[in-house]
Each structure stands twice: as C-alpha cells, then as structure tokens.
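Have a look at the structure below before the remarks.
The values are calculated or read from the model by the stated rules, or taken from the named source; none is laboratory data. This structure is a prediction, so every number in the text was calculated from the model and none was measured. Cβ placement follows ideal geometry from the backbone for every residue including glycine, while neighbour counts extend to all protein chains displayed. Remember, those area values only see protein heavy atoms, side chains included, never the ligands or the DNA or RNA. Shrake-Rupley method; radii C 1.70, N 1.55, O 1.52, S 1.80 Å.
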Amino acid sequence: MDKLVVRGGVPLQGSLTVSGSKNTALPLMAAALLAEGTTTLQNIPNLKDIATFSNVLRVSGAVVNAQPSTHTLSIDSSRIEYPEAPYELVKKMRASFYMLGALIGRCGQARVSLPGGCAWGPRPVDLHLKGMEAFGASIDLDEGYVVAQTPSAGLPGGIYRLEPSSVGATINLALAATTARGGSRIENAAIEPDVVVFCEALQAMGAKIEGIGTRTLEFEGVEALQPISFRNCPDRIELGTFMIAAAIAGEPGQPVRLNNAEPAHLGQAFIDAFQQTGTGLTVGTDYVQVTAPETLRPVSIETEIYPGFPTDLQAQWTVLLSQANGPATITDTIYGDRFAHIPELGRMGMFAKVSGNQVTVEGNQQLQGANVMSTDLRASVSLVLAGLVAKGETHVLRIYHLDRGYERLEDKLSNAGLYVRREQYDEFATPETEMA
Ligand code: UD1
C-alpha cells in the first residue's frame, strides 16, 4: 500500500496548479450517456474516482478512452445496452448513483445498486428516489438494487421539491428530466458550481433548461441530446485546500500563486473567513495569490450549502485553526458527524474537542509528526496539511482515499518546495517483519 511521508517545517514557495474538478467531472461523464455518439471532456483530472466511474460507464456499453497526458476523456455512447450499475463498482464510489438518472434518461430503465453509507456516516438517497417517482418513474427495491422503469411512452416529467437542497439529487433528477416527454421542475435545487457547470453542459448538448444557478430549475424534455466537446472547470476544493496550505506553510510576506483556479466557485463564505484570518489574498480571473501572515487569527466557521462554507473544506480548516492564535469552532450543518480526522489529528498532538456537530480547536498548537491513517478523502488531505506544520515526519497511511480526489499531490507539493514523498509499505507488517 502507499503512504505519504511529510516533513514538517519546510516552507511552501512559488506556485501550485489546480486540476480539473472531480465533483463536476463525474456528472459530466454521466451526462455523456444521454447523447448517442462521442462526447469529449477536457480538463479531467487523473484520479481513481474518474477511473472507477469510467468502468461504471463501460458496464452499460459506453466506450471510454482516457488520455491522461492531455487530461481528456472521450466517451462513445453509441450503444448503451446494459442499463445496470453493479454493487461492486457503486460501493467504491457513491457518485456511481448518477447512473440512475443517466440510464432513465437514455434507456427508460435502470438497475442501480444502492450506495450504502460512507466513512463518516449514513448518506441517504431518498430524495433521488422520491424525485424520480414524482417525475413518473416506478421505483422498486430488489436485493440492494434500485430498479427504475419509465412508462412505455417515456418519462412524463413532474415537479419535485428537494428538502434539504441536495447536490446529488439535483444532478440525478436533471439527468432524467432532460429527455422526459413533458416538462419538469426541481424546486430548492442545488446551486453549487458543480451543478451549474453540469447544467450548462446539458444545455450545450441541446437540453432545454431555465433557471440555471437559481433555486428553481425548469426542464422542457427533448427527444435526444447531442454529443459535445466540453471543458471541465477547475476543482474548487483543491483550490481551497491549497489556499489553506499556503496560509499555514507559506513564508510570511512571500506570496504563493495558485494557477488554473476559478475563485468564484469557492463561495463568498470561504473567502471571507480566509481573509479574516489575516492571510493576504489577491483574486485574479484564473488565479489567486495567497500571502501567509505572521500570525493567523482564529475564525469560527459553519458549513452551509453554496455559497456557504463547503463541508469539503472543514477538515482542512481544522488544521488552519490549530495554527491560529486562539480557539475557534467548526460546525458542520451538512454532515454533522464528519469528524473522523479529529482522532487522527489527536495522534499528532492536536487538541480539538467534538461536541455534537461542532469541534472546538485550540490554537497555538505545535503538532508532532506521527503515523496517521486516512479515513476518507478530505480527512486524508487534512493529515497531509498537519504534516506540513508538524515537528518531524508524518506518515499518512492508506492514501488510496487521497488518490480518489487529489492528482499527484506529492509531486505538486514537492515542486513548491515542500518535502512530501510517496512510499510503499506493508499494512500487515509486524515490527519483526519490518526489521527483517
Ligand atoms: C455533499 C456536499 C457536496 C460535497 C459532497 C461530498 C453540500 C450541499 N453538498 O454532497 O458539496 O462535494 O457532500 O463531500 O454541501 N440528503 C438527503 N436525502 C438525499 C440526498 C441528500 O437527506 O436523498 C441530505 C444529505 O444527508 C445532506 C444534504 O441532503 O444532509 C445535502 O446532500 P447532498 O448535497 O446530496 O450531499 P452530497 O451529494 O453528499
């Protein structure tokens, strides 16, 4: 298995380049199933999640070709003949559940494994299912699979109100609604940039959608969509992660430039909180420049739906707070038990107390290098960030979680002057076998 070895106390210098957005690439790939022919997607990150979802698409009959050197993915959906997403793949990645909407939209039927929980607790899909029913699909459960069927004349379409607003359900319902027989409306739709860019791609494919970027999405069903060539947006969570890295590990007063960025996708809450820490921030059209301050101020945050503070950045914010000059809190209102990183950070000497959906982080902490374990994607990267400011070496084990969402993180960080190395290790080695 692979681990990352991080040496603390080395300053981050120069620049970092942000890859294409994982969370937008996945729905774009699902959208490609709706159009007969070859859709070409650019700025697709080379990540395990993309490879997993490519395999999900292949099961249904799509021919998927990745060109990692150019970050291009071509998806030939001429023949989609097997409308199923099997458990073996869906259990690896929840976004595979987008196959429900994509296959209903393309084939009028779908058999998709239920995703189950994840490392930080249950993540329901009830809104996806109720929405599909409201649009006129019949939904049955069969041995852990969702079996969906539209009437023979096609999906009638309908109105569904999401409560709470959900990124995943908005995308799934949009996939089904674009080729419905009639019109559909999603109320309280998600307005996360991932959803907006995905809807813009659907529109470019010929979908009739009104209200993109607002809480109400209106669809007028079209017969079929056309394949397109589309450029994916930069990853806002990677950008936020790098901004935090520059704030805690940059040399005070020395700017670090983050390229290929889309700062508007971060949401105002993150930008406001970031600036309140005293970190210097210059926002350009496709870059940001971050200048670490002498002293970081503690800033409490609460995760919220966009443009609120992203839940995908709260684990990283914890590490920033540990370096601030006083205590502050993190409250996750989206996933109230997403704190698997706290005990691992505790192994590095971080003092943080979880109470309900809130963590209180003490500031002014000198972290210590340790062996720590990744539990999920964002938790893993928070451990790498902690390693950057810890004394000594941190070994972040089980980084297959990290590889799901960060492309060549060790190379990017090393190129910016940091000491981060990938090494292999034997998960089951005892001290004796390690010495042998
Ligand atoms: C959430 C984040 C997304 C992030 C992802 C992975 C939000 C709004 N969404 O997306 O930005 O990339 O985690 O970390 O911050 N819900 C239901 N029933 C459903 C679907 C959702 O009750 O059928 C609830 C969820 O439990 C959650 C909320 O709705 O409390 C938002 O769900 P959703 O946006 O779909 O979550 P994810 O797609 O997991």
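For segment 415-426, the Karplus equation 6.51 cos²θ - 1.76 cosθ + 1.60, evaluated at θ = phi - 60°, returns couplings of 5, 9, x, 7, 9, 9, 10, 8, 9, 9, 8, 9 Hz by residue, with Gly and Pro reported as x. With N counted as the residues of segment 226-289, its alpha-carbon radius of gyration over 2.2 N^0.38 Å works out to 1.25. When you work out D = kT/(6 pi eta Rh) for the chain at 10 °C and 1.306 mPa s, using the Kirkwood radius from C-alpha pairs as Rh and the Stokes-Einstein form, the result is 71 µm²/s. Averaged per residue, the chain has 39 square angstrom of accessible surface, using a 1.4 angstrom probe with ligands and nucleic acids left out. Multiplying each eigenvalue of the alpha-carbon gyration tensor of segment 286-347 by 5 and taking the square root yields semi-axes of 20, 17, 11 Å, largest first, rounded to whole angstroms.
Separation of the alpha carbons by more than 18 angstrom is noted, of Lys48/Lys92; Lys22/Lys130; Lys22/Lys48, for Lys22/Lys130. Across segment 22-231, Cα-Cα pairs more than 28 Å apart make up 17 percent of the total.
Leaving out ligands, DNA and RNA, what percent of the accessible area of the chain is carbon and sulfur, probe 1.4 Å? Looking at the chain in its full context, I get 48 percent from C and S.
A DSSP coil position with no more than 14 other Cβ atoms inside 10 Å describes the following GluC sites (Glu not before Pro) in segment 1-101: Glu81. Find how many whole Å separate the alpha carbon centroid of segment 245-293 from the alpha carbon centroid of segment 64-88. Going from one Cα centre to the other spans 36 Å.
For segment 114-186, report the % of Cα-Cα distances exceeding 17 Å. Result for the distance tail: 44 percent.
Extents of segment 68-114, largest first, come to 34, 26, 14 Å (Cα atoms, principal axes, whole angstrom).
Note on segment 335-408 and segment 305-324: Cα centroid distance 12 Å, given to the nearest whole angstrom.
Kirkwood radius and radius of gyration were both taken over the C-alpha atoms of segment 179-287, and their ratio Rg/Rh is 1.12. Close amide H partners of Leu16, meaning residues 5 or more places away or on another chain with modelled amide H under 5 Å apart, are Arg257, Leu258, Asn259.
Computed about its Cα centre, the charge dipole of the chain is approximately 260 debye, with only Lys, Arg, Asp and Glu carrying charge at their Cβ.
Would you kindly give the portion of the calculated P(r) for segment 1-116 that falls above 25 Å, as a percent of all Cα pairs? Of all Cα-Cα pairs in segment 1-116, 29 percent lie more than 25 Å apart. One equal scatterer on each Cα of segment 121-262, no solvent, Debye formula: the resulting log10 I(q)/I(0) at q = 0.10, 0.11, 0.20 Å⁻¹ is -0.44, -0.52, -1.16. Can you find, among Leu26, Met93, Ile104, the residue farthest towards the positive end of the dipole of segment 1-122? Put +1 on the C-beta of Lys and Arg, -1 on that of Asp and Glu. Result: Met93.
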